[in-house]
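Read the structure below first, then the notes.
Just so it is clear, none of the values below were taken in a lab; they were calculated from the coordinates. Because the structure is predicted, anything quoted here is derived from the model rather than measured. Methodologically, a virtual Cβ is constructed for each residue, glycine included, from the backbone with ideal geometry; neighbour enumeration extends over all protein chains shown.
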Amino acid sequence: MAFRAPKKREPLAERELFEYAVGALARRMRSVRDLRRLMRTRAEEGDTGERAMDAVCTRLKELGYLSDTRFAADYTRLRKENEKFGRRRVQQDLMQKGVQKELIATTLATAYDEVDEVGLARQYVARKRMKKPGGVNAQKETARVMGRLLRAGFSSNAIYKVLREWDLPEEAMPVEGGADSDSYGAGDEDLPDF
């Protein structure tokens with residue numbers, strides 16, 4: 001089966017590029033870097049395209065349609081309240097979206113400073129309908145639960161507290177500080193630089 005080559009689209013002028021960007025923002029909130037990545041596929045190559053993208057981004061910012069500050073705050077709020085994700089997961093997601101490091105730090109400080117991480121981890125467990133590990137494979141199931149909670153952005157301290165609440169047998173509990181745990185605490189100062 002042969003694949004067709006993608007159609008070569010005509011580059012968009014600044015006006016059409018602006019309309020394309022507004023449509024992209026209407027479908028989903030985006031960071032400046034994410035929007036520029038989308039526009040790059042439709043803009044002219046070289047300096048002409050870069051100038052057009054700069055002009056479009058400037059105009060969208062003036063109109064209030066594009067703001068990394070608002071994007072970071074809304075994205076963080078939605079991931080925390082709806083998905084029940086921990087601080088580190090949201091930090092990693094925002095970094096992948098191209099939000100500046102300083103803005104990420106202030107946004108996360110505002111959103112997560114008053115949050116009980118263990119309570120949020122419990123809400124995540126309930127949302128994902130995770131069951132208490134048990135039976136013959138209790139140790140393997142515990143490691144799986146721990147991995148899911150780590151990927152959701154919770155610190156090892158919060159994860160161990162949640163696991164202890166389940167009154168698991170001692171042999172099912174991973175060793176704290178061992179190979180199964182992460183070495184980062186709950187604070188920003190302990191998070192790795194990417």
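If I stretch the segment between residue 128 and residue 140 completely, what's the gain in nm (0.36 nm per residue apart, minus their alpha carbon distance), one decimal?
Taking 0.36 nm per residue and subtracting the Cα distance, the gain is 2.5 nm.
Please name whichever of 18, 35, 49 sits farthest to the positive end of the charge dipole of the stretch 14-63, dipole taken about the Cα centre and charges placed at Cβ: Lys and Arg +1, Asp and Glu -1.
Going by the Cα projections, it comes out as 35.
If you take the square roots of the eigenvalues of the alpha-carbon gyration tensor of the stretch 1-96 and sort them as a ≥ b ≥ c, do you get rounded (a/c under 1.5), prolate (a/b over b/c) or oblate?
oblate
Give, in nm to one decimal, the length gained when the segment between residue 55 and residue 81 is fully stretched (0.36 nm per residue of separation minus the Cα-Cα distance).
5.9 nm
At 7 Å along the Cα-to-beta-carbon direction for both residue 161 and residue 106, put a label point, then send me their distance in nm to one decimal.
Rounded to a tenth, the inter-label distance reads 2.9 nm.
Find the eigenvalues of the gyration tensor of the Cα atoms of the stretch 49-175, then list the square roots of 5 times those eigenvalues as equivalent ellipsoid semi-axes, largest first, in whole angstrom.
39, 13, 11
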